[in-house]
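Quick notes on the structure that follows.
The values are calculated or read from the model by the stated rules, or taken from the named source; none is laboratory data. Model, not experiment: these values are computed from the prediction. Cβ atoms come from the backbone with ideal geometry, glycine included; neighbour counts cover every protein chain shown.
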Amino acid sequence: MANKEASVAELTENFRNSSAALLTEYRGLTVAQLKELRRSIAEHASYAVVKNTLTKIAANAAGISALDDQLAGPSAIAFVHGDTVAVAKALRDFAKANPLLVVKGGYFDGAYISAEEVIKLADLESREVLLAKLAGAMKASMFGAAYLFNAPLSKAVRTVDALREKQAA
């Protein structure tokens, strides 16, 4: 009994401290495959095989009831503490290579997301790529602004030079 209470407390903490929780079914995967999956997402998430009843209790204690219907069969959850998109990509890619892994849905940004939405999330570009694009766009707009501010000045200089040449002639 104390062991179950400790498990519930740990799961509740994981739900509260995670930016997202992605639910999977791992039926038929080997221990080696699960180890490989854990390694592939270790930088951004922890992957835990869970008991459905205890997970429902823990999720509800953390204020999450949206996963209740999905908790059936052998379940495992990726508790995301880093880049959710990177974890979704890793799960999608692993599921392509190992069709026995099924992404069932998740909880992200305060709401339930379906398996299809997890895949859409995986299709997003990484945070670094999006930041690089934003930086490029900002640099381009800064260059445009600098050019715009310098244009009247350079036009004035050319006009003064033309007048000077005209006077000299």
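So, in segment 45-75, how many residues would count as being within 18 Å of the chain's Cα centre (by Cα) and either of a type in the set (D, E, K, R) or crowded, with 20+ Cβ neighbours inside 10 Å (or both)? Spell out how you get there, then give the answer.
Going residue by residue through segment 45-75, those that are within 18 Å of the chain's Cα centre (by Cα) are 45-47.
So of that shortlist, the ones also either of a type in the set (D, E, K, R) or crowded, with 20+ Cβ neighbours inside 10 Å (or both) come out as 45, 47.
The number of residues fulfilling the criteria is 2.
Go through K51, K35 for me and flag whichever is in contact (Cβ under 8 Å) with a residue 40 or more places away in the chain and either among the basic types (K, R) or farther than 21 Å from E117 by Cβ (or both). So the residue among K51, K35 that is in contact (Cβ under 8 Å) with a residue 40 or more places away in the chain and either among the basic types (K, R) or farther than 21 Å from E117 by Cβ (or both) is K51. Of all the listed residues (S7, S19), the sole one being under 21 Å from the mean Cα position of the chain (by Cα) and surrounded by 12 or more Cβ atoms within 10 Å (Cβ to Cβ) is S19. If the Cβ limit is 6 Å and pairs must be 6+ apart or interchain, which residue in segment 101-119 that is more than 15 Å from A86 (Cα to Cα) pairs with which residue that is assigned to a helix (DSSP H, G or I)? Hits for this filter: L101/F94; L101/A95; K104/Q70; K104/A115; G105/Q70; G105/A115. Does K133 satisfy the criteria of being basic (K, R), farther than 30 Å from N60 by Cβ and at pLDDT 85 or above? Against the criterion (basic (K, R), farther than 30 Å from N60 by Cβ and at pLDDT 85 or above), K133 does not qualify. Across segment 119-129, the qualifying residues are those that are modelled with pLDDT under 70 and not acidic (D, E), and the one among them that is nearest to T24 (Cα to Cα) is S126.
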